[in-house]
Amino acid sequence: MGLEGEATDAEVVRAVLAGDVERYAVLVRRYRERYARYASRMLGSRDVAEDAVQDALVRAFDRLADCREPDKFAGWLFLILRNRCYAEQRRRQREGRPLDEADEMFAAPDRPDGAYEQVERTHALERALQHLTAEQREVFVLKHTEGLAYEEIAGVTGATVASLKMRMHRAYDRLRELMKEHLE
Amino acid sequence: MRTIGIAITLVLGTTLAGGLGAQDVQALLDRRVSPEVQRAVRDIAADAAAHGLPVDPLVQKAIEGGAKGVPGDRVIAAVRALAGRLAEAKEAVSEAGVAAPSGDVVEGGADALNAGLSRSQVGELVRVSQPPQDPGLTLRVAATLAALGVPAAQALQLVQGMISAGRSPSDLLGLPGQVQAGVARGATPAQAAAGLARAAGGPPPGRAPDWVPPGQRKPHNPHKP
Amino acid sequence: MMGYHPLVKRLLDGELSLAELPPELRAEGEEALRLLGAVDRAPVALSPLLDERVMAAVRRHAASPAHRAWQWLNTPREVELRLRLRPWTVWAGALAAAAGLALLLGRPAPAPERGLATQVRIGSRDSVFVRFVLYAPGARRVAVAGTFNQWDRSAAPLVPAGTSGVWTTTLALPVGQHQYAFVVDGARWVVDPAAPAVDDGFGRRNSIVAVTAQGAHTL
């Protein structure tokens, strides 16, 4: 998977495991942004997502010897990040943190044609997503933000396609309810 | 005597783990176990086969005993005891509604009984192990949990919880290791199992994806007008 | 407000197009598409300082004694086992091998040998490489025997990893559960105290290792 002249993930992983710690920066650079969007949507905040991505990258280093297939480092890193996101969400639930205080996640792009409604709707959906269960939010994000097929999501999450669809369909209903003013 | 031995082995259809053929099995038996013990084991095995029980585990147990230098009479006693457990396991599994269980499931049931689970618990585990679950695997995992010191009822509960949370057989296979990790951190086996049962409701650990991870492709939007 | 009609949900899933909806569901379908239209797919940019923060943490972790000990476990070399063991008691247990060792250290050691089996990497599709480790400083020969090799005492010898008294070998095992025990000096059968054990029917016990395809679960 490496570009011409660039080391593959597997080569870098092996080098790091052999002791060349500084080479890990290659993997950090390569993958820092790849899952940022997923983490932001799952956690409802870009800042919290950034912490999660940072922690996941460090943890991936700590556990690098556990990476069974070094040429699939990216997928493995995703799993670590995913677990971190779930842990963060569980922690928030225990602490009773109100969801409405999710930070502003993105700057609304300037829409010269004044499509204020569209921007409002996008904000509303982001807030509504935080009111879903973590599993519902995840299947929605993986399918509609990240563009994965149900089979791919099943492969990542370990759930069956049937149970994913059930979750998603409940999510659709809940989102409709939460967004009713914005959808008319 | 040797020919009869091979013939019976072939009839019983043994291919042990590792894909050994009947002749290899016979060679192992010869090396490890005296002719008298072999005769006794074959009788027990023939009887077991007549009752529809798997024979491989009996032969395997005899080979194990021989390798460990166990006296002949104790090998025979162990093989007989195992045959008894297999019979009991087959009954328990049949009571749970599986009319003709595979040898693997019966073996798993025998492991579970050996580890201290009751017949009804064995039956319960078989009942909840509908596809994609594998009842033989489920039973063995429960047996291993019990061997780790998790009380039988709790092992059952943990496994059932994982299955109803939609976890894969592979996730189940990882349970003993997780209980052990919990024990290493200072919990009792029961506490570690309870912790896992609570987490079972949560998201599965997942598998490293084979596909291109998120973000590397243009989002698929089927709704472009 | 009611939930979406099942056909509209299939539209949302991308299994149907708007044109394929019956006319009476068209409006609901358009509303649903407005919902999807609100999904923000813009990439999220993280702070440029993130790289340096990660590498700073990585350098700190790499320099810690616990990490150096962990590196040793994965690359056998000559080392003083006694010195390296101590940091593992505080290791976070992310590495199951360390968890096994912490378990060992938690027990007083009446038995002179300590062992564990850790999974290291995927072999072929159906088998996984499993590393067996035994601390047996007084031993002359060590082997592992189990259901995967017909309990053959000579099939899977362990080799010393340096002069520390640690013996190790790596075997390709099929996915599933296996029973095993270590054989010291050809005659003494030693169960793995870091693994669950079951009655072997002969008055002794066998250890169990659960081998999974992901290689992520060890005993």
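In whole angstrom, chain A maps to an equivalent ellipsoid with semi-axes of 33, 19, 16, each derived as √(5λ) from the alpha carbon gyration tensor and ordered largest first. Placing pseudo-labels 7 Å out from each Cα toward the beta carbon at C:Arg10 and A:Glu181 gives an inter-label distance of 3.5 nm. Ranking A:Lys165, B:Lys61 from most to least accessible surface, computed with a 1.4 Å probe over the protein chains only, gives A:Lys165, B:Lys61. Placing a label point 7 Å from the Cα of A:Glu117 along the Cα-to-Cβ line, the residues of the range C:23-42 whose backbone N sits under 19 Å from it are C:26-40. Could you compute the FRET efficiency for B:Asp43 and C:Ala172, with r as their C-beta to C-beta distance and R0 at 41 Å, rounded to 0.05? Once the sixth-power term is evaluated, E becomes 0.70. Summarising the amide proton neighbourhood of C:Ala156: residues at separation of 5 or more, or on other chains, whose placed amide H is nearer than 5 Å comprise C:Val144. GNM remark for chain A: springs join alpha carbons under 10 Å apart, and the peak mean-square fluctuation among A:Glu33, A:Glu117, A:Glu50 falls on A:Glu117. Springs between Cα atoms under 10 Å define the GNM used for chain A, and in it the highest mean-square fluctuation of A:Arg84, A:Arg32, A:Arg94 occurs at A:Arg94. Our coupling estimate for the range C:43-50, obtained by passing each phi through the Karplus curve with A = 6.51, B = -1.76, C = 1.60 and θ = phi - 60°, is x, 9, 8, 9, 4, x, 7, 4 Hz, Gly and Pro reported as x. With the simple spin-label model, which puts each label point 7 Å out from Cα in the Cβ direction, the A:Arg63 to A:Asp20 separation comes to 2.6 nm. Spin-label pair A:Glu11-B:Gln157: with each label point 7 Å from Cα along the Cα-Cβ axis, the two points sit 5.4 nm from one another.
Measuring between alpha carbons in the structure, the pairs from A:Lys72/A:Lys165; A:Lys143/A:Lys165; A:Lys143/A:Lys180; B:Lys68/B:Lys90 lying more than 18 angstrom apart are A:Lys72/A:Lys165; A:Lys143/A:Lys180; B:Lys68/B:Lys90. From a point 7 Å beyond the Cα of A:Ser163 in the direction of its Cβ, which residues of the range B:134-154 have a backbone N at a distance under 15 Å? The answer is B:134, whose backbone nitrogens lie closer than 15 Å to the label point. Less than 5 angstrom separates the built amide H of C:Val190 from those of C:Phe182, C:Val183, C:Val184, all sequence-distant by 5 or more or on a different chain.
Extent along the principal axes, Cα only, for the range B:96-208: 42, 31, 19 Å, with the longest axis given first.
With the convex hull drawn over the C-alpha atoms of the range A:1-97, the volume per residue is 94 Å³. Contact-buried residues of the range C:131-159, at a threshold of 50 Å² lost accessible area versus the chain by itself: C:Gln150, C:Trp151 (1.4 Å probe; DNA, RNA and ligands ignored).
The values are calculated or read from the model by the stated rules, or taken from the named source; none is laboratory data. What you see is a predicted model, and the numbers here were worked out from it, not measured in a lab. Cβ coordinates were reconstructed from backbone atoms using ideal geometry, including for glycine residues, and neighbour counts include every protein chain displayed. All accessible areas refer to the heavy atoms of the entire protein, side chains included, with ligands and DNA or RNA removed. Shrake-Rupley method; radii C 1.70, N 1.55, O 1.52, S 1.80 Å.
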